[in-house]
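Let me begin by presenting the structure, written as structure tokens, before commenting on it.
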Amino acid sequence: MAITIDYKKCCWKNGKCTSCTCGGKCEGCVEACPAGALKREKIVKIDQSKCISCGACVAACAHGAISLRNV
Ligand code: SF4
Ligand code: SF4
């Protein structure tokens, strides 16, 4: 399993949140990940080698930007 981020849906763009609904701090996938596999840089970066395919980030994203799929 691997996660993919749809960067068109993700509101974190060019190092900042562009959502009008979260007050400028998209607390979602990065905070939910128990494995430290996600971080916010200019875009949200995934370290697939750390990901344990738990699905917490999928559930945490209010924008439906993350999916978990078989590879
Ligand atoms: S599936 Fe789990 S371990 Fe993998 S990036 Fe998402 S929250 Fe982190
Ligand atoms: S929770 Fe969703 S919208 Fe927020 S940074 Fe993560 S992928 Fe992007």
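The values are calculated or read from the model by the stated rules, or taken from the named source; none is laboratory data. This is a predicted model, so every value here is computed, not measured. Cβ coordinates were reconstructed from backbone atoms using ideal geometry, including for glycine residues, and neighbour counts include every protein chain displayed.
Is it the case, given these coordinates, that SER19 is touching a residue at least 24 places away in the same chain (Cβ under 8 Å) and polar (S, T, N, Q)?
yes
Looking at the stretch 6-38 only, could you name the residues that are within 11 Å of ligand 2 (Cβ to nearest atom) and surrounded by 16 or more Cβ atoms within 10 Å (Cβ to Cβ)?
Hits for the stretch 6-38 are CYS10, CYS11, TRP12, CYS17, SER19, CYS26, GLY28, CYS29, VAL30, ALA32, CYS33, LEU38.
Yes/no matrix, rows are residues, columns are (1) β-branched (Val, Ile, Thr); (2) at pLDDT 95 or above:
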| residue | (1), (2) |
| --- | --- |
| CYS17 | no, no |
| ALA32 | no, yes |
| ALA37 | no, yes |
| SER49 | no, yes |
| VAL71 | yes, no |
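Of everything in the stretch 39-63, what is charged (D, E, K, R) and either surrounded by 14 or more Cβ atoms within 10 Å (Cβ to Cβ) or touching a residue at least 12 places away in the same chain (Cβ under 8 Å) (or both)? Give them in sequence order.
Residues satisfying the conditions are ARG40, GLU41, LYS42, LYS50.
Does LYS50 fit the bill of being closer than 17 Å to MET1 by Cβ and charged (D, E, K, R)?
Yes: the conditions hold for LYS50.
Scan the stretch 56-67 for residues that are within 6 Å of ligand 1 (Cβ to nearest atom) and closer than 11 Å to THR4 by Cα and jot them down.
Matches in the stretch 56-67: CYS57 only.
In the stretch 47-70, what residues are of a type in the set (Val, Ile, Thr) and in contact with a Leu (Cβ under 6 Å, 6 or more places away or on another chain)?
Selection gives VAL58 alone.
Any residue in the stretch 27-38 that is in contact (Cβ under 8 Å) with a residue 24 or more places away in the chain, acidic (Asp, Glu) and near ligand 1 (Cβ under 10 Å from one of its atoms)?
yes
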